[in-house]
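The values are calculated or read from the model by the stated rules, or taken from the named source; none is laboratory data. Small disclaimer: the values here were computed from a predicted structure and weren't measured. Cβ: placed from backbone, ideal geometry, glycine included. Neighbour counts: every protein chain shown.
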Amino acid sequence: MGLVNTLTSEKIMKAAIINHYGDAHELHVQEVPQPTIDSIDDPHQVLIRVHAAGINPMDTKAREGGMKFLQSGHFPKILGAECAGVVEAVGLMVKEIKPGDRVVASLGLAGGGYAEYVVAKDKNVIKLPDAVDFSQAAAMPIAAGTALQALRDKGNLRPGDQVLINGATGGVGTFAIQIAKLLGGQVTAVCSTEGAALARQLGADHIIDYHTADFTKSIETYNIVFDAVGKSSFDECRNILTENGIYVTTLPSPKQMLEQVVTIFTEQKAESILFTFSQEDMNWLLKQVADGQLLVVIERTYRLDELALAHAESEAGHVKGKLVVEVVSDPKTKTE
């Protein structure tokens, strides 16, 4: 529903769009038709006035054309795979959400979050606790969800497990440190010298500075090695895994997929994580934030017309936590 050519409303909104695949400069703000819900076509739709949207590697890959085979070929496109805002209208079959509710939504490859309004499926929309603001919420679905599912489901993390997290101060990594601690793990964070203080603040027990040491040559062994930035391999990490240790990556390669098949028959396992939105997981994560148990690290926020700069910074690497676009200037503003 994020594609401009599918929108039928006569109302106009502002959105950051691309007319071609390419670099960050392809992103620009333009007035486009505002989406509406169609209860006849799909009674489970939710129209959201977007207040904030998260920025993810998934968005930059989609902008470059790296996901063109999974997307419609129509232009212009509105990217943005996650957002938070206020419900404007709901379809006839939507029961748990009503206009005026503060919500967070996972939009997937359909995108649409880089705009003033977006339509989402009710199964991908969750109400926000009062203690969680729009920018915090918009930064969470993909990064926090990936960290939780990687550690809990793929890594089978148990209390007392030794967990190494590569890319520990990135978007996924900052959540992974904290979630591993919440689940009872002992965390070794691999990060830069500049990121060490943040990693410790988030709960890391040990730090490996990648500028001065290669974590794959560590003399320690770990129950779980989680590569949150996809820059290592199972083969490189085999020697730092315990006898039944599990390697999890966010960026599966053909070699990784082969290793996953091979390690079905071995004690050590190779796994990769493909995030799937879950209302149960999102509610748990939001509760941790509301209770002060999980910190959402946002390095910088941008306006909608600064999205090209935001994408460029994301692609340059070294972002601490997440980048967020604030479509409404006050992230705590509710309905007008």
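With the structure loaded, tell me whether G292 is at positive phi and not assigned by TED's automatic domain parsing to the domain that holds D122 or whether it fails that test. Lay out the reasoning, then the answer.
Working: at positive phi: yes; not assigned by TED's automatic domain parsing to the domain that holds D122: yes.
Judged against the criteria, G292 is a match.
Determine, yes or no, whether I298 is among the hydrophobic types (A, V, I, L, M, F, W, C), in contact (Cβ under 8 Å) with a residue 60 or more places away in the chain and either under 30 Å from I126 (Cα atoms) or touching a helix residue (DSSP H, G or I) at 6+ places or on another chain (Cβ under 7 Å) (or both).
Yes; evaluated as a whole, the condition is true for this residue.
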Just name the residue that is farthest from A199 (Cα to Cα) out of those in the stretch 300-313 that are crowded, with 17+ Cβ neighbours inside 10 Å and among the acidic types (D, E). E306
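Kindly establish whether V297 is at pLDDT 95 or above and farther than 22 Å from V190 by Cβ.
Values: at pLDDT 95 or above: yes; farther than 22 Å from V190 by Cβ: no.
No.
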Regarding E236, is this residue surrounded by 14 or more Cβ atoms within 10 Å (Cβ to Cβ) and either more than 16 Å from the chain's Cα centre (by Cα) or not assigned by TED's automatic domain parsing to the domain that holds D133 (or both)? yes
Where in the stretch 1-91 are there strands (runs of 3 or more DSSP E), lying fully within it, with 1 or more residues that are in the same structural domain as L128 (by TED's automatic domain parsing) and buried (at least 23 other Cβ atoms within 10 Å of the Cβ)? 12-18, 45-55, 82-90
Whether any residue in the stretch 256-279 is in contact with a Phe, Trp or Tyr (Cβ under 8 Å, 6 or more places away or on another chain) and basic (K, R) is what I want to check. yes
Among the candidates K154, K127, K123, residue that is within 27 Å of R63 (Cα to Cα), in contact (Cβ under 8 Å) with a residue 24 or more places away in the chain and basic (K, R): K123
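Give me a count of the residues in the stretch 101-158 that are assigned to a strand (DSSP E or B) and aromatic (F, W, Y). Break it down into steps so the answer makes sense when it comes.
Step one: of the stretch 101-158, the residues assigned to a strand (DSSP E or B) are 102-106, 115, 117-121, 125-127.
Next, from what is left, pick out any that are aromatic (F, W, Y): 117.
Final tally of qualifying residues: 1.
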Can you pull out every residue in the stretch 208-225 that is surrounded by 15 or more Cβ atoms within 10 Å (Cβ to Cβ) and more than 24 Å from the chain's Cα centre (by Cα)? I208, D209, F215, T216, S218, Y222, N223
Suppose we filter E267, E280 for residues that are assigned by TED's automatic domain parsing to the domain that holds T193 and surrounded by fewer than 13 Cβ atoms within 10 Å (Cβ to Cβ); which single one remains? E267
Tell me whether the stretch 305-319 contains one or more residues that are part of a helix (DSSP H, G or I), assigned by TED's automatic domain parsing to the domain that holds I17 and touching a Lys or Arg at 6+ places or on another chain (Cβ under 7 Å). yes
